[in-house]
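Taking it in order: structure first as structure tokens, then the write-up.
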Amino acid sequence: MPFQVSDLAELDAPEKEYLWTLNFGPQHPATHTTLRLVLTLDGERVVKAVPYIGYLHSGFEKLGEDLDFNQYVTIVDRMNYISPLANEIAWHHAVEKLLDIELTPRCKYIRTILAEIMRIQDHLLNVGTCALDLGGFTAFLYFFTLREQIYDIVESASGQRFHTSYTRVGGVMFDVDNAWVDKIRTFCKGFRPVHEEVHKLLTRNRIFIERVQGVGYLSKEDAINKGVTGPLARASGVLRDIRKDEPYLAYPDFDFKVVAAKSGDCYGRYLVRMAEMMESLKIIEQAMENIPAGPINVDPETKAVIPAKPAVYRSIEGLIQHFEVIMPNRQAGSPREEIYAATESPNGELGFYIAGDGSWKAYRARCRPPSYIHFATFPDMIKDHMLSDVVAVLGSINIIAAELDR
């Protein structure tokens, strides 16, 4: 009998029996969010990984066309719910570039301090949960205790612990006082010994090192070609930091280093984040001792700044200013231009593209989130690793599902 095509299928069948498919997520304790990986396994070796998104779609970008520049801050708050204030700062940084608004010195310092506190907050969760997923429960408890202190600091400034909605076009919602400054000083004083203790627990821990060293390698060339930014890129040797390369807020006033590594693996990303927290602490301490006096918002004549509620309730000038900003027929317009502006968020370059159409809303509000780009690198990073390494690699790139599904 002549050889037939059907015989080829029979010959291939025994090989396929060794490969099987595993759904990792969308609900899995180690994903820490709603994302899904379809893994093709040869025993416990990962042959192929296909990431899927779409489990947390909220229409964030479309809402940017419906809400005005001040209202939309409540939405960007929820894009990265690990460090919400960093998103607010990035959004209003872009809006102020579109409107050509220069912040007051005091506002720049307050935003810079909060941006670095958010970087610490994000890295604390990332390192703590990564250690937890790999069996290190104690480090998780140490770092989450520090996060509670950060919540108290944020609440003192904004009135809310989590989704603060603190920034405004041209300024911030409330001024800070000496009690807030003292809280941050106390936090900085207590941060170093806890950070050092976690270093002792993890950095030379044989079990931790064997789980993360040499795992999830990303070369410098691949990091550049795939648009990777933040700690992920710097751990692969890419010396890119928007705070240095395209300075904004008060960063030019401070002395700090861009932390980088060469290993490009999970261990390198852990070390970069640990070192970055100390650099953020240096920035905060420098800023705390030099906060300028003066107003926190730009001149009310710009029709950009929402006045404080007490002023609205108690003075006719505050009430008029409130109506000038809120009422659609009285609002200031935006230039009919397109801009892109980015900040160095805890996870990498967080940018917003805004198209203005003359109104106080964005005709188009597009977000460039780091997690969306980083998640696309996962299949190459996990290939030929073991199933147990999925947790380590996924934790090291710190995926936030709300940034995937905008």
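Structure notes:
- Selected from 40, 254, 270, residue furthest toward positive end of dipole (the chain; charges at beta carbon): 254
- For the range 147-152, putting each phi into the Karplus relation 6.51 cos²θ - 1.76 cosθ + 1.60 with θ = phi - 60° gives couplings of 4, 4, 5, 5, 4, 5 Hz, in residue order, rounded to whole numbers and with x for Gly and Pro.
- Ranked by how many other Cβ atoms sit within 10 Å of their own Cβ, fewest first, the residues 212, 258 fall in the order 258, 212.
- Built amide H within the under 5 Å cut-off of residue 368, gap 5+: 351, 352, 353
- Total charge dipole magnitude, the chain, about the Cα centre, Cβ charges on Lys, Arg, Asp, Glu only, Debye to nearest 20: 620 debye
- Ascending count of other beta-carbon atoms within 10 Å, so fewest first, for 367, 130: 367, 130
- Net charge of Cβ neighbours under 12 Å - reference residue 263; Lys, Arg +1; Asp, Glu -1: +3
- What separates the Cα centres of the range 23-54 and the range 126-154 is a distance of 24 Å.
- Cut-off 17 Å (backbone N to label point 7 Å along Cα→Cβ of residue 52), residues of the range 364-391: 376, 379
- Using θ = phi - 60° in the Karplus curve 6.51 cos²θ - 1.76 cosθ + 1.60, the 3J(HN,Hα) couplings for the range 255-271 round to 9, 7, 9, 8, 7, 9, 9, 10, 5, x, 10, 4, 5, x, 5, 4, 5 Hz; x is entered for Gly and Pro.
- Quotient of the Cα radius of gyration of the range 152-253 and 2.2 N^0.38 Å, N being its number of residues: 1.50.
- Nonlocal amide H pairs with residue 32, under 5 Å, H built at 1.01 Å: none
- Of all the options 263, 388, 236, the one that moves most in a Gaussian network model of the chain with Cα springs shorter than 10 angstrom is 388.
- Part-to-part distance (alpha-carbon centres) for the range 303-317 and the range 345-406, which is given in Å: 37 Å
- Within the chain, helix-based [θ] at 222 nm, where runs of 4 or more DSSP H residues each add -39,500 (n - 2.57), nearest 500: -15000 deg cm²/dmol
- Cβ crowding within 10 Å ranks 288, 79 as 288, 79, fewest other Cβ atoms first.
- Low-density loop cleavage sites - GluC sites (Glu not before Pro) in the range 102-167, where at most 13 other Cβ are within 10 Å (DSSP): 102
- Among 165, 359, 396: highest mean-square fluctuation, GNM of the chain, C-alpha pairs under 10 Å: 359
- Value of Rg/Rh across the chain [Cα atoms, Kirkwood radius]: 1.04
- Taking Cβ atoms as reference points and 12 Å as the exclusive limit, the residues near residue 244 contribute a net charge of -2, counting Lys and Arg as +1 and Asp and Glu as -1.
- Of 94, 179, 355, the one that fluctuates the most in a GNM where the chain has Cα springs shorter than 10 Å: 179
Bear in mind that the values in this text are calculations on the coordinates, not laboratory data. All values derive from a computational prediction rather than experimental measurement. Here Cβ is always computed from backbone atoms with ideal geometry, including for glycine, and neighbour counts include all displayed protein chains.
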